[in-house]
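The values are calculated or read from the model by the stated rules, or taken from the named source; none is laboratory data. Predicted, not measured: the structure shown is a model, and the values here were computed from it. A quick note on method: Cβ atoms are made from the backbone with ideal geometry, for glycine too, and the neighbour counts reach across all protein chains shown. What goes into the accessible areas is simple: the full protein's heavy atoms, side chains included, and nothing from ligands, DNA or RNA. Shrake-Rupley method; radii C 1.70, N 1.55, O 1.52, S 1.80 Å.
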Amino acid sequence: MMIQSFAPVMDIPYYYPCNFPLIHEVLLRQGSISSLALLAASRLYCLPSCADNGLVKPYFHKLDYEEPIWEMCGQRELGSFEEGKVHMRQHIGEGGLFLATGTSYHLPYCEDYQNPEYIRKHVKPGSRLHLVDHWIAVYGIDGEHFHVYDPVPSKYMGKVSQEAFHEFWKGNQSIPELAPAKRKEKLRTYGTMDVRATVKLDSSGYRDILTQALATQISEFMTGRIITQGERSYHFGQGVSLHLMKALQEGNEGTRAQTNDTLISGLLFDMRWSRYFLRDLLQEAVLWLGSPLDRYAAEFNEIIERWERTYKLLQVSLIKQRADWLVQITSVIHQLITDEWRWYEALRSAVPQEACFNRQMVPRTENGYRDALLRIVLDSCRELNAYHNTTIPLDKGGNAPLYGRDGQLDSLELVSLLAVVEQGLEDEWGTGAGAALSEMAAASLPESPYQTVDSLVSYLERQWLPDQEEDAG
């Protein structure tokens, strides 16, 4: 059984995540015009964003936009390998790609294949890598093999033995050595999901959404939002550049020993990825929207080159231990930030600002938000009772005691509960929504928020409720 006329894109730039090429192919088969650049822009991969600790990654779900192009639905774990094959045959028989998630550690064509470095880099002390499921698409199945499309990073399209696919599909959870990994997203066994276009784009619609992507990028970059959730802050657009400048200025004002070389170097290096995605979006816009965007695209390429020369200058200065490196780098970066801002100001005149992506219309402070939090906490308690032999009295609902004098949990069980709640938040509102909740269990607070289900929900509502900030420009 094989999908007919399947000739997917294989030459994918290395900085794209593994899911975008698969989503691109699914949307094409649903009759929508698509491109990798627009898919990335729809999730604001073009927008610099970082946490206050310097971790640079897309934080789309912390902003307040609707899904402009595509959405993931029906993300689930199937009960067994045999059940999975039944779903797979049905999906392929209807002409659709079957999306599966698992571990690249068990893919024979992949550099990660049974490579001990794959495990070591995720569990070593201080690792900043997130352990995530790897996506591949299945476009055919026969008695002995699965036919898979896996362009990032392997650029592979072809057969995989049934045994190897089975090991892949069991996922990272099936590798006990990965259990100590500190940073990991929801890991699934026999995982799959459906992807659908929120709107099927024809030529006119595609031009409109390109314009919206550019307008949203400009607005968010120049606004430079800072969103605070709990004890963490997240910087967007120009705010990331200012966060870098603050680190440089603090180094200039303090002693050499106080300079955070790692933060400065990390920000300067990792900011490049968002600019690569914006470069791709601009190139796509030039093809579809024409002049004067071709001029802005050429100018932005020069800005990228200047940022990369600056990073090289930093590395050489650190290696040679130049006494004045911090002053020199600060001056260079200040000028570069100023010039990039002026470029955005000029680009704004060429793109209609009223064309930004739609924002979510339902205020997140309404009862629906608290109800969702209550559901997540109760579901997490139910899971803890089922798999950790705890006895949280769920019949008491929000009044169920959790921790403290009347609670049912010891400190280790509390940490386990908060880890499950954290994952529930991320499943509901995206990666990062429950950032490090489990690490706060030992926090010294005047009143413990962990005494009952209701007190925990109230705490989450105060700490994790996304800000209702409006763009200033």
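Determine whether region 238-249 contains at least one residue that is touching a Phe, Trp or Tyr at 6+ places or on another chain (Cβ under 9 Å), open to solvent by 10 Å² or more (accessible area, probe 1.4 Å) and farther than 25 Å from Arg43 by Cα. No, every residue in region 238-249 fails to be touching a Phe, Trp or Tyr at 6+ places or on another chain (Cβ under 9 Å), open to solvent by 10 Å² or more (accessible area, probe 1.4 Å) and farther than 25 Å from Arg43 by Cα. Taken as a whole, the structure places Val199 among residues that are aliphatic (A, V, I, L, M) and closer than 30 Å to Ala355 by Cβ.
Once region 283-337 is narrowed to residues that are among the charged types (D, E, K, R) and not in a helix (DSSP H, G or I), the residue that is surrounded by the most Cβ atoms within 10 Å (Cβ to Cβ) is Arg322. Mind listing whichever residues of region 103-130 are small (Gly, Ala, Ser) and within 18 Å of Tyr149 (Cβ to Cβ)? Ser104 - this is the single residue of region 103-130 that is small (Gly, Ala, Ser) and within 18 Å of Tyr149 (Cβ to Cβ). Of the residues making up region 21-52, those that are touching a residue at least 60 places away in the same chain (Cβ under 8 Å), of a type outside the set (Asp, Glu) and touching a strand residue (DSSP E or B) at 6+ places or on another chain (Cβ under 9 Å) number 16. With respect to Ser204, determine if the residue is among the hydroxyl-bearing types (Ser, Thr, Tyr) and part of a helix (DSSP H, G or I). Answer is yes for this residue. Does Leu107 satisfy the condition of being among the hydrophobic types (A, V, I, L, M, F, W, C) and either touching a residue at least 12 places away in the same chain (Cβ under 8 Å) or surrounded by 19 or more Cβ atoms within 10 Å (Cβ to Cβ) (or both)? So Leu107 passes the test.
Just so you know, in region 210-233 the residues that are open to solvent by 10 Å² or more (accessible area, probe 1.4 Å) and among the hydrophobic types (A, V, I, L, M, F, W, C) include one that is farthest from the chain's Cα centre (by Cα), and it is Met222.
Filtered by the rule that a residue be in contact with a Lys or Arg (Cβ under 8 Å, 6 or more places away or on another chain), modelled with pLDDT of 90 or more and either among the polar types (S, T, N, Q) or surrounded by fewer than 20 Cβ atoms within 10 Å (Cβ to Cβ) (or both), region 31-56 gives Gly31, Ser32, Ser49. The combined condition, being open to solvent by less than 40 Å² (accessible area, probe 1.4 Å), without any contact (Cβ under 8 Å) to a residue 24 or more places away in the chain and either hydroxyl-bearing (Ser, Thr, Tyr) or more than 30 Å from Gly424 (Cβ to Cβ) (or both), is not fulfilled by Gly205.
The rows are residues; the columns are (1) modelled with pLDDT of 95 or more; (2) closer than 30 Å to Ser219 by Cα; (3) open to solvent by less than 70 Å² (accessible area, probe 1.4 Å); (4) more than 16 Å from the chain's Cα centre (by Cα).
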position	(1), (2), (3), (4)
Pro58	no, yes, yes, no
Leu63	no, yes, yes, no
Ile69	no, yes, yes, yes
Gly84	no, no, yes, yes
Arg89	no, no, no, yes
Gly102	yes, no, yes, yes
Val138	yes, no, yes, yes
Gly143	no, no, yes, yes
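Check region 6-14 and report whether any residue there is under 24 Å from Gly191 (Cα atoms), open to solvent by 20 Å² or more (accessible area, probe 1.4 Å) and not hydrophobic (A, V, I, L, M, F, W, C). No: region 6-14 contains no residue that is under 24 Å from Gly191 (Cα atoms), open to solvent by 20 Å² or more (accessible area, probe 1.4 Å) and not hydrophobic (A, V, I, L, M, F, W, C). Does region 166-180 contain any residue that is of a type in the set (Ser, Thr, Tyr) and under 21 Å from the mean Cα position of the chain (by Cα)? No.
Every test in (1) in a loop (DSSP other than H, G, I, E, B); (2) surrounded by 12 or more Cβ atoms within 10 Å (Cβ to Cβ); (3) hydrophobic (A, V, I, L, M, F, W, C) is passed by Ala346 save one, and that test is (1). Among the candidates Arg183, Arg76, Arg128, the residue that is open to solvent by 60 Å² or more (accessible area, probe 1.4 Å), farther than 21 Å from Ile23 by Cβ and touching a strand residue (DSSP E or B) at 6+ places or on another chain (Cβ under 7 Å) is uniquely Arg183.
When residues of region 21-30 are filtered for being surrounded by fewer than 20 Cβ atoms within 10 Å (Cβ to Cβ) and under 30 Å from Leu267 (Cβ atoms), how many remain? Adding up the residues that qualify gives 0. When residues in region 386-415 are screened for being farther than 19 Å from Asp371 by Cα, within 35 Å of the chain's Cα centre (by Cα) and open to solvent by less than 40 Å² (accessible area, probe 1.4 Å), 4 of them pass.
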